[in-house]
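Encoded as structure tokens, the structure appears first; notes follow it.
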């Protein structure tokens, strides 16, 4: 990948591990959500996250699909 692509991914990783962004993605309300939503266009990490992942840094992560072929576990009784 070119240098600018590597830099974007590095900046996006900072947003992935940012405590405020994580809380905003998880809670979808409150002060952290308001801060990230308001200042996302000013933060270089949030802008890079939007480019790399295709969604805003405060939007929740999509649900992971269930693994195929997974067996149901017997209830522990």
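The values are calculated or read from the model by the stated rules, or taken from the named source; none is laboratory data. Please read all numbers here as calculations on a predicted model, not as lab measurements. Neighbour counts run over all protein chains shown; Cβ positions are idealised from the backbone, glycine included.
Below, the figures for the structure above:
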quantity: Qualifying residue in the stretch 35-46 (condition: modelled with pLDDT under 90, within 26 Å of residue 4 (Cβ to Cβ) and part of a loop (DSSP other than H, G, I, E, B)); calculated: yes
quantity: Residue satisfying all of: in the stretch 1-34; over 15 Å from the mean Cα position of the chain (by Cα) and part of a helix (DSSP H, G or I); farthest from residue 63 (Cα to Cα) among these; calculated: 3
